1. Kindly provide the GluC sites (Glu not before Pro) of the range A:279-308 that DSSP labels as loop, not H, G, I, E or B, and whose Cβ sees at most 10 other Cβ atoms within 10 Å.
2. Using only Cα atoms, what Kirkwood radius does the protein assembly as shown have, in angstroms?
3. Determine by what factor the alpha-carbon radius of gyration of the range B:95-145 differs from 2.2 N^0.38 Å, reporting the quotient.
4. Could you derive backbone 3J(HN,Hα) for the range B:140-148 from the dihedral phi with the Karplus parameters 6.51, -1.76 and 1.60 (θ = phi - 60°), listing whole Hz in sequence and x where the residue is Gly or Pro?
5. Given H placed on each backbone N at 1.01 Å, which residues far from B:HIS294 in sequence or on other chains put an amide H within less than 5 Å of it?
6. So for the range A:16-254, averaging the separation of alpha carbon pairs under 8 Å that are six or more residues apart and normalising by length, what relative contact order in percent results?
7. Restricting the count to DSSP beta bridges whose residues both fall in the protein assembly as shown, what percent are antiparallel, rounded to a multiple of 5?
8. How big is D for the range A:190-314, in µm² s⁻¹ as a whole number, if Stokes-Einstein is applied with the Kirkwood radius of its Cα pairs at 10 °C and 1.306 mPa s?
Number of protein chains: 2
Amino acid sequence: MRKCYFDHVATNPLDSRVLDEMMPYFKEEFGNPLSMYELGSKAKEAIDNARVQVASLIGSKASEIVFTASGAEANNFALRGIALARQNEGKHVIVSKMEHHSILNSARFLEKMGFVVTYLPVDKHGVVDPDTVKRAIIKDTTLISVTHASSEVGTIEPIKEIAAIAREKKIIFHTDAVATAGNIPINIKDLGVDLLSMAAHQFYGPKGAGALYVREGLRIVPLIYGGIQENGRRAGTENVPAIAGMGKAAEFAVNEMNSRIEHGRRLRDKLLKIKSSAENVHLTGHPENRLPGHASFCVEFIEGEAMLLLLSAKGVYAASGSACSSKALKASPVLLSMGIPSGLAQGSIVFTLGKDNTDDDIEYLLAEFPQVIKRLREISPYGKGWGIEGEGGQCIVQK
Amino acid sequence: MRKCYFDHVATNPLDSRVLDEMMPYFKEEFGNPLSMYELGSKAKEAIDNARVQVASLIGSKASEIVFTASGAEANNFALRGIALARQNEGKHVIVSKMEHHSILNSARFLEKMGFVVTYLPVDKHGVVDPDTVKRAIIKDTTLISVTHASSEVGTIEPIKEIAAIAREKKIIFHTDAVATAGNIPINIKDLGVDLLSMAAHQFYGPKGAGALYVREGLRIVPLIYGGIQENGRRAGTENVPAIAGMGKAAEFAVNEMNSRIEHGRRLRDKLLKIKSSAENVHLTGHPENRLPGHASFCVEFIEGEAMLLLLSAKGVYAASGSACSSKALKASPVLLSMGIPSGLAQGSIVFTLGKDNTDDDIEYLLAEFPQVIKRLREISPYGKGWGIEGEGGQCIVQK
């Protein structure tokens, strides 16, 4: 049976060339980078080198990169580290409703600590209107965090415009670029952001490595205290192989970005035919301004989970909502915030393509998908309601 | 040139059998454990399996293990997570002066948040007297944290006695077992602890994997918020290969512990001859009740860093103080807290032996060490002071 991995937003396979780069640090070069001897020096060199490579990915200085163990850690570090560092100037933070749980739940933690958080609404495509950011700013606002792109619906946010608003008001601006870094071009000077989160496994690097870009001179309270690693900003013995792997993956991402984007877009556009392969299948997120390999839908009268299981039985691996919430079995807050009704949001399915997907993968999905939908609708408790000409088409998603 | 790695407390080499166990998760089994399909299930199985293996190492239930990315993260999580969860009951925390920076600096963070912290003194061997714990407890005390063993001086603390005192007063007790877990037998029921930190790379597992044992039913505030990983207690896409490796390393540690301990002790006892190979070399830490492969000294009239560099040139890799502070170039707070004068504390050198060290390694060190000392003392600014019969021998370390 064909295996089609269409869940690159959950995690990417590790590039075998990246694994090769990691191997020496699992073997002879196992030293602690803080050690004073040659063995430790090699490990330290690997980290220094990776720092340059990751900085190149976003156009920052190497010294502005702080390695973490995940994108989630980078997001927690950014949101709480800046809010705490600036709490004497104000205790108001702004985030959008499109944020990943690592931002939203960090914001809730800040609320428990006496901060006030504004959750920005989005439009039907999941876009944060810069004007709503402007209106949400008060005298006490010290930090704004808006995701660069939603992993659930693929929408790319107008970060440059929002960052400019923040900068004008001397408010620190963070963007969660976990879904974008390594996948679309990023230049922190052009974007104008102060902090930016990344995760290596989102661009064919290893799990266990993330990074936070922290603009030079910006004070941030550590999330993990301890030794003097990462200039005292993030403690813990460095995961040298993973960091070396993140660096190499960043280098490949820079070199191969254009061809990966073109490949992802081409296959994605082909995949979009799914919409016409069954009735009442609605694209979610922005129709044009979205991640290259990202195609997300809501299918009426069907549960996302049921689709995943039947597709999985056919060797097709996709997602319903974000990986972190898929087992929480709730309608995705991101979809709800876009005005998609709860029932329809349950029918969410997300296909995210990668550099190793092929035209044949897409053909296979296009052939199998209508059968899955047909079978599920036959047994759906909502079965009777589906397929009434025009009704589903009026769904809020595509209005 | 012979290479002798005597810095196992900084990090261990990765066991090649453990690396073999990790490899499938770098390759075909790369899925996200939260995914609904078969690929993710294999990754989830690996984590479930590792959880059972790590639990076996300390006699806990698998459900009581929370994976982290490092021992430092586990320590931060424990100290801050419990202090915050219990802050309505009191804001007083007790730690010892023997703690790792990840505990001490977390305690300082709590102080900034309005907590009061008592730092317990230790005796000349670095032992925390349970009576001082008893006297430090006040009505507001909610948490006590004392390290299981010091990585710097090897002393094993009377955790069982201290935990019993905490339990009697209904105070939560955490121990940092990063230096002990996987190296000496641990049973959490026998020790009577509520929380216990571990790091995989301290027992031939990979860097990037740690764990916190959290007693069933204990409420703890997360350090890293986000998705539902680790039952909502620690977010971030799981580092599956590292976690699988930690599990396998735990399994080997259980099976091979006795022989490793015997080997470590035997070589360490042989290494102790170093004391008589040069004058004014003093053992630090407890003479008997210490980690099996651990030998730590203060050498009079010499800087630890200089010893490390000369030894390194001879292929001998050791440490001076903890790995996390060795590049901070300050006299170790742990040695100072034991009453060792600042000047002598600068002459700290720590040899930590592992399962792959041999008798020949020790012979080599015993042959080279006196020459290193001789050479350094010849160029030492304190040179004139050394070697006066009896004087150094009166040093506080061995009184």
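Every number in this text was worked out from the coordinates using simple rules, so none of it is lab data. Because the structure is predicted, anything quoted here is derived from the model rather than measured. Every residue, glycine as well, gets a Cβ built from its backbone with ideal geometry; the counts of neighbours run over all protein chains shown.
1. Sites meeting the loop and neighbour criteria: A:GLU288.
2. Taking the inverse mean of 1/r over all distinct Cα pairs, the protein assembly as shown comes out at 27.5 Å.
3. The range B:95-145 yields a ratio of 1.14.
4. The phi angles translate into 7, 5, 10, 8, 10, 10, 10, 5, 5 Hz.
5. Hits under the 5 Å cutoff: B:LEU353.
6. With pairs under 8 Å counted, the relative contact order is 28 percent.
7. Counting only bridges with both partners in the protein assembly as shown, antiparallel ones make up about 50 percent.
8. Diffusion coefficient, whole number: 87 µm²/s.
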